[in-house]
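Note sheet for the following structure.
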Amino acid sequence: MSIIQAIVLAVVEGVTEFLPVSSTGHMIIGSSAMGIAEQEFTKFFTVCIQFGAILSVVVLYRKRFVQSFSFYLKLLVGFLPAAVLGKLFGNPIDLLLENVVVVAVSLLAGGAVLLFVDKWFRKTEVTGETVVGFPAAFQIGLFQTIAMIPGVSRSAATIIGGLAQKLTRQTAAEFSFFLAVPTMFAATCYKLYQFLRHGNGLGSHEISLLVIGNVVAFFVAMISIKSFIGYLSRHGFRLFGFYRIAVGLILLFLHFFGFELPVF
């Protein structure tokens, strides 16, 4: 992996991590297009740069992270379902990360759902809750497990989970951001452990790529979060639904008609 390739993937991560479009799916597409998807370090890199993205949440919402102890208990309750299933099914999930067709189908299915989300939860925007309780946190955590399938989007799954618990759009989106912190931090630590346990080393070049990737993802994610909250409050999810469907159809067309992703 070159520095330019690392920066491209970090920008993709920062832009898409908190949008309901699947950051994992987009990084699979991006790394495939650059011809580095099957490299072991690429798989490690795409998980580890999520750390930079979650730091942006902590910085932007730093006042929320010094609240009462119950705030962290709710995050723990929401995190547990993904932690348990991730431990049980980690290897099959890793195999799915190499399958562009799985990403395409997930993008299509999720896009179709997003076209109707605003209509389904229209009332919650006016009468919805602005405080997340423990039962709601656990239910949102269950929704988050769906996002273990590449292309589903952790952000989309948890936001829809929040709306299903009668939260407002902004409250659901913000709790989705908060829940990303323990989830993605744990994923980064576990991926680092696996990477090193299998005898892989980190030289100065790889460490430099990780530092650059996290820094880029951090700043891009800050911009993405601010823009997304404003857009979501005014316009809802439909545009993201159309975008996902378009990308999913393009990927399926390329696959079933024998075209390879253009490598650059």
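Going by the conditions given, is S227 within 25 Å of I7 (Cβ to Cβ) and either more than 23 Å from the chain's Cα centre (by Cα) or of a type in the set (S, T, N, Q) (or both)?
Yes; evaluated as a whole, the condition is true for this residue.
In the range 44-76, which residue that is among the basic types (K, R) and in contact (Cβ under 8 Å) with a residue 60 or more places away in the chain is surrounded by the most Cβ atoms within 10 Å (Cβ to Cβ)?
Among those that are among the basic types (K, R) and in contact (Cβ under 8 Å) with a residue 60 or more places away in the chain, it is K74.
All but one of (1) in contact (Cβ under 8 Å) with a residue 12 or more places away in the chain; (2) in a helix (DSSP H, G or I); (3) closer than 16 Å to G110 by Cβ hold for M148, so report the exception by its number.
Looking at each condition in turn, M148 falls short on (2).
For the range 18-63, what are the residues that are of a type in the set (A, V, I, L, M) and not in a helix (DSSP H, G or I)?
Within the range 18-63, L19, V21, M34, I36, A37, I49 qualify.
Quick check: anything in the range 12-21 surrounded by 22 or more Cβ atoms within 10 Å (Cβ to Cβ) and on the phi > 0 side of the Ramachandran plot?
No, the range 12-21 contains no residue that is surrounded by 22 or more Cβ atoms within 10 Å (Cβ to Cβ) and on the phi > 0 side of the Ramachandran plot.
Any idea which residue in the range 1-31 is farthest from V216 (Cα to Cα), counting only those that are without any contact (Cβ under 8 Å) to a residue 60 or more places away in the chain and aliphatic (A, V, I, L, M)?
If we take residues in the range 1-31 being without any contact (Cβ under 8 Å) to a residue 60 or more places away in the chain and aliphatic (A, V, I, L, M), then M27 is farthest from V216 (Cα to Cα).
Name the pairs whose Cβ atoms lie under 8 Å apart, with the first residue in the range 227-255 and surrounded by 18 or more Cβ atoms within 10 Å (Cβ to Cβ), the second polar (S, T, N, Q) and assigned to a helix (DSSP H, G or I), and 6 or more positions between them or separate chains?
Listed by first residue and then by second, the contacts come to L232/Q170; G248/S106.
How many of the residues in the range 112-132 are farther than 14 Å from G161 by Cβ, assigned to a helix (DSSP H, G or I) and modelled with pLDDT under 85?
3
When the residues of the range 221-246 are filtered to those that are of a type in the set (A, V, I, L, M) and at pLDDT 90 or above, which remaining residue is nearest to A10 (Cα to Cα)?
Residue satisfying both the conditions and the ranking: A221.
Residues I207, I245, I212, I225: which one is within 20 Å of T171 (Cα to Cα) and either outside any loop (DSSP other than H, G, I, E, B) or out of contact with any Asp or Glu (no Cβ under 7 Å at 6 or more places or on another chain) (or both)?
I225
Scan the range 159-170 residue by residue and report those that are in contact (Cβ under 8 Å) with a residue 24 or more places away in the chain and surrounded by 20 or more Cβ atoms within 10 Å (Cβ to Cβ).
Passing the criteria: I159, I160, G162, L163, Q165, L167, R169.
Assess whether F218 counts as being under 30 Å from F134 (Cβ atoms), assigned to a helix (DSSP H, G or I), in contact (Cβ under 8 Å) with a residue 60 or more places away in the chain and not small (G, A, S).
Considered against the rule, which asks whether it is under 30 Å from F134 (Cβ atoms), assigned to a helix (DSSP H, G or I), in contact (Cβ under 8 Å) with a residue 60 or more places away in the chain and not small (G, A, S), F218 comes out as no.
Mind checking which residues of the range 181-220 are surrounded by 18 or more Cβ atoms within 10 Å (Cβ to Cβ), modelled with pLDDT of 85 or more, of a type outside the set (V, I, T) and within 21 Å of T145 (Cβ to Cβ)?
Scanning the range 181-220 gives P182, M184.
The values are calculated or read from the model by the stated rules, or taken from the named source; none is laboratory data. None of these values were measured; they are calculated from a predicted model. Reconstructed Cβ throughout: ideal geometry from the backbone, glycine too, with neighbour counts over all protein chains shown.
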